[in-house]
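Taken together, the values in this text are just the output of simple stated rules run on the coordinates, not laboratory data. Because the structure is predicted, anything quoted here is derived from the model rather than measured. FYI the Cβ positions are ideal-geometry reconstructions off the backbone, even for glycines, and counts take in every protein chain you see.
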Amino acid sequence: MVDFTDKCVVLRTSDYRDNDKLAKVLTAEHGLVTVKLTGVKKAKAKLKPFAQEFSVFDTRLTGKGAFLTPIEPLLIRDGFSLCTDLKVFTAASVAAEATVASICDDEAHAELFLEFLKLIYNLKPDCNPYYQAAVYMLRLMELSGFFKAYTYNDNPQTPIQKLGYAQKTGYMPSPDNDLSRRALKYICAEFERNFDTGLKSVDSIDLYA
């Protein structure tokens, strides 16, 4: 029997039966878990905000099988605002998919949990979401043991220099949308090589350049 209380952020969701959804949730202290959200497809479902990608909440989670059930969850931040802008949604989706691919279900990653929260709180259309996602991907690689220093330039002209700028500067508004887009694609390719995986969400980056 699993029974614990933790802070959670939804990384992705999928349909399950007629009215339910399954959510892949990153917790602060218990790693990745799968949460069953019962009845959330109904129009007035109380759990609907918790079935939205990138929602942040506190809850008690219990269960005996593969799926955990939330008990009286408390919403901290809904994820709807990150799903209304296509660039922001793409950037967040890339980061979420990479996060799921990089850690095992039973591993606790409090630092990575906090890093993902930093990302979603900084993701805004006017702050260059591709740049913010590139910063996160660099931190994800570093936290996963794949650190690589990129060439820094305070006026970056290439994707490599943009990654060096992101390493040094961190989350902040940044110009050069196309350069950031190419830098994000570059660091995603590095991630895929190191983790021997493919990120489907990367294909959407060029659609919303």
- Message: Rounded, prolate or oblate for the stretch 1-119? Axes are the square roots of the Cα gyration tensor eigenvalues, ordered a ≥ b ≥ c, and the cut-off for rounded is a/c under 1.5.
- Response: oblate
- Taking S55, S81 and counting other C-beta atoms within 10 Å, the order from fewest to most: S81, S55
- In degrees, nearest 10, the alpha-carbon axis of helix 110-122 is tilted away from the dominant principal axis of the alpha carbons of the chain by 70 degrees
- Roughly what angle does helix 177-195 make with the longest principal axis of the chain, taking Cα atoms, 0 to 90 degrees, to the nearest 10? 70 degrees
- Item | Projected-area average for the stretch 22-85 over all orientations - Cα convex hull basis, square nanometres | 4.6 nm²
- Positive-end extreme of charge dipole, the stretch 94-187 - chosen from N122, Q157, G170 (charges on Cβ): Q157
- Quick one: compute the contact order of the stretch 1-43, relative version, from alpha carbon pairs under 8 angstrom and 6+ residues apart, as a percent. 34 percent
- Likely footprinting exposure, M172, M137, M1, fewest C-beta neighbours within 10 Å first: M1, M172, M137
- Tell me what the chain gives for mean residue ellipticity at 222 nm when only DSSP H runs of n ≥ 4 count, each as -39,500 (n - 2.57), the sum divided by the residue total, rounded to 500 deg cm²/dmol. -11500 deg cm²/dmol
- Query: Tell me, what ³J(HN,Hα) does each residue in the stretch 63-73 have, in order and in whole Hz, if you take phi through Karplus 6.51 cos²θ - 1.76 cosθ + 1.60 with θ = phi - 60° and put x for Gly and Pro?
  - Reply: x, 10, x, 6, 10, 9, 10, x, 10, 6, x
- Here the relative contact order (percent) of the chain, from C-alpha pairs under 8 Å and at least 6 apart, is 17 percent
- Message: Given Cβ point charges of +1 (Lys, Arg) and -1 (Asp, Glu) and nothing else, what value in debye, to the nearest 20, does the dipole of the stretch 115-180 about its Cα centre take?
- Response: 160 debye
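Hey, got a sec? Which trypsin sites (Lys or Arg not before Pro) in the stretch 6-79 land in a DSSP loop and have at most 14 other Cβ atoms within 10 Å?
Here the sparse-neighbourhood loop sites are R17, K42, K44, K46, K64.
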- Message: Restricting everything to alpha-carbon atoms, can you work out Rg to Rh for the stretch 85-202 with a Kirkwood hydrodynamic radius?
- Response: 0.93
- Hey, which of these cross-link pairs are over 26 Å Cα-Cα: K44/K64; K24/K185; K24/K44? K44/K64
- Would you work out the charge dipole size for the chain about its Cα centre, treating the Cβ of every Lys and Arg as +1 and the Cβ of every Asp and Glu as -1, and quote it to the nearest 20 debye? 520 debye
- Item | Under the Karplus curve 6.51 cos²θ - 1.76 cosθ + 1.60, θ = phi - 60°, whole-Hz ³J(HN,Hα) for the stretch 6-21, x wherever Gly or Pro sits | 7, 8, 9, 9, 7, 8, 7, 10, 8, 5, 8, 6, 6, 10, 10, 9
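Under 1.5 on a/c is rounded, so check that first for the stretch 88-127, then, if it is not, pick prolate when a/b is larger than b/c and oblate when it is not; a ≥ b ≥ c are the square roots of the alpha carbon gyration tensor eigenvalues.
In terms of gyration-tensor shape, oblate.
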- Task: Take the alpha carbon atoms of the stretch 178-209, find their center, do the same for the stretch 139-170, and report the distance between the two centers in whole angstrom.
- Result: 15 Å
- Task: Please give the net charge around G63, taking every other residue with its beta carbon less than 10 angstrom from that of G63, where Lys and Arg add +1 and Asp and Glu add -1.
- Result: +1
- Taking only the alpha-carbon positions of the chain as identical scatterers, the Debye log10 I(q)/I(0) at q = 0.12, 0.15 Å⁻¹ comes out as -0.60, -0.91
- Reduced to Cα centres, the span from the stretch 39-77 to the stretch 107-131 in Å works out to 21 Å
- Item | Size of charge dipole - the stretch 85-202 - debye, nearest 20, with Cβ of Lys, Arg +1 and Asp, Glu -1, no other charges | 440 debye
- Message: Please compute the contact order of the stretch 85-202 in relative form: average sequence separation of alpha-carbon pairs under 8 Å and at least six residues apart, divided by the residue count, as a percent.
- Response: 31 percent
- So who's got an amide H within less than 5 Å of the one on N153, skipping anything under 5 residues away but keeping other chains? H placed 1.01 Å off N, in plane. Y165
